[in-house]
Amino acid sequence: MVDTDRIVGAAKDLGGRAQGAVGDAVGSDRDSLEGRYREAEGRTQRLYGQAKDTVRDVADDLGGYASDAYDRVSRNGGTYLRDGRERVQSQVGDNPFLALLIAGAVGYGLALLVNNARR
C-alpha cells in the first residue's frame, strides 16, 4: 500500500523541478527559487511517506513473526519445556560443582539487586 504522502510529494517534486527549470530559462529568480522550494518540499513529503510505509511494513512483519512464534509455542510448548528441563538436568548431572557455582552467583546478584532497590 503506497502512502498518499509519497504520491503528493512526488508530484510537488516534479512540479517544483519544472517551475525551477522554467524560472532558470526565462531568468526569473522568483520562479526559480519557488520551484526549488516546492521541489525540496515535495522530496521531504515523499521521504515522509516512504518512512511511514516502512514503519507500517515493519509493524506488519513483526505482528506476523509474533503470531508465528505464539502458534509454535502453543503447539510445541510442552515439548520445549520438557527438552529444556532435560538439558538442564543433564548439565547439572555432568557438572554439579559448576551448577552450584552459577546458582550461587545468580543468588548473590539477586540479593544485590533487592538490597539496592530498598535504598
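What follows draws every value from the coordinates through simple rules; no lab data is involved. In this text, all values refer to a predicted model and were calculated from it rather than measured experimentally. So basically every Cβ, Gly included, is an ideal-geometry build from the backbone, and we count neighbours across all protein chains shown.
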>> Output the 0 to 90 degree angle, nearest 10, between the alpha-carbon long axis of helix 4-26 and the longest principal axis computed from the alpha carbons of the chain.
In response: 30 degrees
> Which whole-number percent is the relative contact order of the chain (Cα, under 8 Å, 6+ apart)?
Replying inline: 22 percent
>> How tilted is helix 29-94 with respect to the longest principal axis of the chain? Cα atoms for both, answer in degrees (0 to 90, nearest 10).
In response: 10 degrees
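When the helix-only estimate is applied to the chain (DSSP H runs of n ≥ 4, each -39,500 (n - 2.57), divided by the residue count), what is the mean residue ellipticity at 222 nm, nearest 500 deg cm²/dmol?
It comes out at -34500 deg cm²/dmol, rounded to the nearest 500.
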> Using a basic spin-label model with each label point 7 Å from the Cα along Cα→Cβ, how many nm lie between SER90 and ARG118?
Replying inline: 4.1 nm
>> No solvent, one uniform scatterer per C-alpha: report log10 I(q)/I(0) for the chain via the Debye equation at q = 0.09, 0.18, 0.19 1/Å, two decimals.
In response: -0.62, -0.97, -0.99
